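Novice: Structure in structure tokens, see below.
Derivation of every value follows stated rules applied to the coordinates shown; laboratory data play no part. Keep in mind the model is a prediction, meaning the values are calculated, not measured. Here the Cβ positions follow ideal geometry from the backbone for every residue, glycine too, while neighbour counts run over all protein chains shown.
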Amino acid sequence: MKLLMIYCEQFHYRPTIKTLSNFPDFSNEVNVENVLVAFIQMEKEDEENSKYVETKLVKNIKWAAKKNQTQHIILHSFAHLSESKALPEITKKLLDTVENRLKNTDYITEQTPFGYFLDLEVKAPGRSSARIFKSF
């Protein structure tokens, strides 16, 4: 698992290219403020340890959200942090589970459209807690 978390004063995305045809269509642009964006790459070896990975992912995201004083989290599948990639269906299932767990603990949580390249606009402050990378 590779996880890059960026606290954003403002985060805007717009779907541009759909890369996985078996996932829902999405065309809306989204703009949010005061949000932790979690760029998540589930690796092939994580498929066998999905419960462990899920728990570590939730704990790390909650910790980073608390450090950045936000309750708003966006989960973004980002398959560019490692050469190893889990199957898309398994990754999506993990993201859905993590989203539900975070929502159940009073976090405002959403996902970017799965299976899309996105145009991104990021406004992030220049402090260490605003950019955190984890590998587990």
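Novice: Rounded to the nearest 500, what is the chain's calculated 222 nm mean residue ellipticity when only DSSP H runs of at least 4 contribute -39500 (n - 2.57) each, over all residues?
Specialist: That calculation yields -8500 deg cm²/dmol at 222 nm.
Novice: Additional query: Using a Gaussian network model on the chain with a 10 Å cutoff between Cα atoms, which of 56, 66, 85 fluctuates the most?
Specialist: 66
Novice: Could you calculate the contour length gain from residue 49 to residue 33, that is, 0.36 nm times the residue separation minus the distance between their Cα atoms, to one decimal place in nm?
Specialist: Between residue 49 and residue 33, full extension yields 2.4 nm more.
Novice: Now, a different point. Treat the count of other C-beta atoms within 10 Å as a stand-in for reagent exposure and order 128, 135, 82 from fewest to most.
Specialist: If I rank by nearby Cβ atoms, fewest first, I get 128, 135, 82.
Novice: Follow-up. Which of 129, 50 comes first, and how do the rest follow, when ranked by fewest Cβ neighbours within 10 Å?
Specialist: By the 10 Å Cβ count, ascending: 129, 50.
Novice: Defining a contact as two alpha carbons under 8 Å apart and six or more residues distant in sequence, what relative contact order in percent does the chain show?
Specialist: For the chain, the relative contact order is 42 percent.
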